[in-house]
Amino acid sequence: MRELSTFNGSIAAVRKMFPYKQLTPLVINRSQAIIAFPTSSPNDYGCAWIFASHVHTSHTLATVDPTSMLIHFKDGTFIPVKLSYYSLEKKLARAAVIRNYCLESPVVLA
């Protein structure tokens, strides 16, 4: 609310400016470029929101399930997620595009 935005408003704004109609990244704070992305549909109980700037690296859990990844965070923690490597990289790339937009296009209040 301090950013004068809601979940639905942020998603709608990103969808209007970028071609991300499904699994749309969420801008939590535009001035600080804080972006999160969902691991699955936000309507799914198992959906996790990942803060892209906290991701350090990822590893495929191919021996367990080829559609699973282990996301390692910069603080040394990690979580398993049901995503392919390609899907995770695509989500991180989308978040980076939006982050760059936020950093390069400062908010102008009239």
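The values are calculated or read from the model by the stated rules, or taken from the named source; none is laboratory data. Since the structure is predicted, the reported quantities are computational estimates derived from the model, not experimental observations. Because the Cβ atoms are built from the backbone with ideal geometry, glycine has one as well, and the counts that use them run over all protein chains shown. We work out accessible area using only protein heavy atoms, side chains counted, and drop any ligands, DNA or RNA first. Shrake-Rupley method; radii C 1.70, N 1.55, O 1.52, S 1.80 Å.
Here are the numbers:
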item: Per-peptide average of other Cβ atoms within 10 Å, ordering 20-32, 75-87 highest first; result: 20-32, 75-87
item: Which of His72, His56 is most accessible, then next, and so on - probe 1.4 Å; result: His56, His72
